[in-house]
Amino acid sequence: MQADKIIGILGAIPQEVNGIITQLKNRSEHKIGNRTYYQGYINDQKVVVVYSRIGKVAAAATVATLLLEFKVDSIAFIGVAGGIHADVKVGDVVVAKNLVQYDMDASPLRPKFEIPLLGKTYFDTDESWSKETCDHIEEMFGLENLYQLITPSELAKFNITTPKVHYGTIASGDQFFSTSTQKNNLKAQLPEVLCVEMEGAAVAQVCYEFGVPFIVIRTISDNANEEASFSFQSFVEEVSLVYGQEIINKMF
Ligand code: SAH
C-alpha cells in the first residue's frame, strides 16, 4: 500500500474494529450521520476506521461517507461471518474473491440476484490486495504465531485446531442465518458460496460504482445454523478481535 493514499477500514460491529481503533496513532474523531469515524495512522499508513452497524443499508451509507467526506482511496472490510461451505470451519478466515447479494430478486424482470440497472450479480475484489492478505493470514496461522495471539485452550473452546484461509465467494443479505433451512436454501441456489454475512456485497457494490479497489475479510464465527447465536457472541469477543488486529497490522 502507498503511504500517500488513505485506506478506509470498516467493520459492522464495535468488536470488529475496536482493536484497530485503540492502536491508531495521532487519532482524531469525526461524527457524521450517526457514525464515528476515527482518522489516524497505522505505522505510516493513513487510515479512517469506522463501524457501520449491521446490514446492507448501514454499510452502503458508511462506505459512501468514507469515499465522499474522507476521500479514502480504497476500502478494507473486516468482520465475522457464518460458514456455509462444508470446508469452511469456525476460526477459518474467508477472503472474498467476489460477493453477491443473495436477497436481491427482481425476477422475472431480471435474473435472480442480478442488481437491476447495473446488470451485475458478482462484484470482484482487488485481486492482488486480496491474495497478499491471504498470504498474511497464512503466516498468522503458522501454529507458533497463532499460539502467541490466542492460547491453545482458548482456541479449543471453539474447536479450532489448524485454521485455514479460503479465497472465494461471499454472499450478503439482511438476515442473520440461524437455521439449517436458511443455510440449505442458500447452498442450493448458490453452491459456490463459502460464507454468509450482512454487509460485504453492499460495500462491494458501492466500491464498484465509485471505481474504488476493496477487499473483504471474514473470520468464521458460527456455522450459520441453530447454534449460531451462541457461537457468534462469544467468538467476536474472544477470537475475531485478536485476528482483526493482527491482520491489519500485517497489512501495513
Ligand atoms: N449481536 C448483534 C447482531 C449481530 S448480526 C446484535 O445483538 O445486534 C451478525 C453480524 O455478524 C453481522 O454484521 C453479519 O455480517 C455477521 N454474521 C456473523 N454470523 C452470521 C450469520 N450466521 N448470518 C448472517 N450474518 C452473520
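The values are calculated or read from the model by the stated rules, or taken from the named source; none is laboratory data. For clarity, every value in this text was computed on a predicted model and none was experimentally measured. Because the Cβ atoms are built from the backbone with ideal geometry, glycine has one as well, and the counts that use them run over all protein chains shown. The protein model used for the area step is the full one, side chains on, heavy atoms only, and it has no ligands, DNA or RNA in it. Shrake-Rupley method; radii C 1.70, N 1.55, O 1.52, S 1.80 Å.
Every condition in (1) open to solvent by 10 Å² or more (accessible area, probe 1.4 Å); (2) outside any strand (DSSP E or B); (3) not aliphatic (A, V, I, L, M) is met by CYS207 except one, and the failing one is (1). Here the condition is being part of a helix (DSSP H, G or I) and of a type in the set (A, V, I, L, M); of VAL236, VAL216, VAL196, VAL212, it holds for VAL236 alone.
Kindly indicate whether any position in region 153-165 is assigned to a strand (DSSP E or B) and within 21 Å of the chain's Cα centre (by Cα). Yes, the conditions are met somewhere in region 153-165. In region 72-88, the qualifying residues are those that are within 20 Å of VAL17 (Cα to Cα) and over 13 Å from the mean Cα position of the chain (by Cα), and the one that is farthest from the ligand (Cβ to nearest atom) is ASP73. Being open to solvent by less than 20 Å² (accessible area, probe 1.4 Å), under 12 Å from ILE32 (Cα atoms) and assigned to a helix (DSSP H, G or I) is the filter here, so list the residues in region 45-62 that pass it. Result: THR62, single match. Residues that are in contact (Cβ under 8 Å) with a residue 40 or more places away in the chain and among the hydroxyl-bearing types (Ser, Thr, Tyr) were ranked within region 110-142; the one that is surrounded by the most Cβ atoms within 10 Å (Cβ to Cβ) is THR125. No other residue among ASN185, ASN145 is within 15 Å of the ligand (Cβ to nearest atom), part of a helix (DSSP H, G or I) and open to solvent by 20 Å² or more (accessible area, probe 1.4 Å) apart from ASN185.
Residue by residue, here is whether (1) under 15 Å from SER74 (Cα atoms); (2) under 13 Å from the mean Cα position of the chain (by Cα) holds:
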{"position": "VAL17", "(1), (2)": "no, yes"}
{"position": "THR22", "(1), (2)": "no, no"}
{"position": "LYS31", "(1), (2)": "no, no"}
{"position": "ASN43", "(1), (2)": "no, no"}
{"position": "VAL48", "(1), (2)": "yes, no"}
{"position": "ARG53", "(1), (2)": "no, yes"}
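Here is a check on your reading of the model: is THR22 within 13 Å of the ligand (Cβ to nearest atom) and under 22 Å from PHE252 (Cβ atoms)? So THR22 fails the test.
Is it the case that GLN175 is within 15 Å of the ligand (Cβ to nearest atom), open to solvent by 30 Å² or more (accessible area, probe 1.4 Å) and more than 14 Å from the chain's Cα centre (by Cα)? For GLN175, the condition - within 15 Å of the ligand (Cβ to nearest atom), open to solvent by 30 Å² or more (accessible area, probe 1.4 Å) and more than 14 Å from the chain's Cα centre (by Cα) - is met. Of all residues assigned to region 95-113, none qualifies as being among the hydrophobic types (A, V, I, L, M, F, W, C), more than 15 Å from ALA201 (Cβ to Cβ) and touching a helix residue (DSSP H, G or I) at 6+ places or on another chain (Cβ under 8 Å). Residues in region 220-233 that are in a strand (DSSP E or B) and either open to solvent by 20 Å² or more (accessible area, probe 1.4 Å) or not polar (S, T, N, Q) (or both): ILE220, ASP222.
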